[in-house]
Amino acid sequence: MSYEHPQSPPPSSADQTRTLGMLAHLGGILAYFYAGWVAALVIWLVQREKASAAADEARVALNFQLTVLIALIVCAIVRSIPVIGFVGWLGFIAVSIVSLVLSVLAAVAVQRGGSYRYPFSLELVR
């Protein structure tokens, strides 16, 4: 006796696009570890030839995460200065928290079928 599992329908293209867009934005959770840009870069490189919404969301997320990376590096440099190092430390924590919050908001917006634009971001990748 064999039991066959019913085949689930394959995920639609829109579902895959939303999921990839959401994952690109959720990569920002790793910004504290200087790795928030990795997920967005991988998704953008894979999807950019297809000209899909996932590629657009990954590009937006990549631009924001590169902006966050630059800010984190500046904060790390300021932290190493003896007199104002505390300011760099506070800036590092603030940038990390802002990246976390905005990344989660962007992921939720994309998962609901919308699009998200960050309030500030350098346009480094076009």
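Thinking of region 10-126 as a set of Cα atoms, what percent of all their pairs are more than 17 Å apart? Roughly 53 percent, rounded to a whole number. Against the chain, whose longest principal axis is taken from its Cα atoms, helix 13-26 shows a tilt of about 20°. Send over the Kirkwood Rh of region 77-126, from the inverse of the averaged 1/r over different Cα pairs, rounded to one decimal Å. Result for region 77-126 stands at 12.9 Å.
Computed from Cα atoms, the angle from the helix 85-111 axis to the main principal axis of the chain rounds to 20 degrees. Across region 116-126, computed HN-Hα scalar couplings (Karplus, 6.51 cos²θ - 1.76 cosθ + 1.60, θ = phi - 60°) run 9, 10, 5, x, 8, 5, 7, 8, 8, 10, 10 Hz from first to last residue, x flagging Gly and Pro. Summary of the geometry: region 10-51 and region 72-103, compared by the centres of their Cα atoms, lie 25 Å apart.
A short reminder: the numbers here are calculations on the coordinates, not readings from a lab. Small disclaimer: the values here were computed from a predicted structure and weren't measured.
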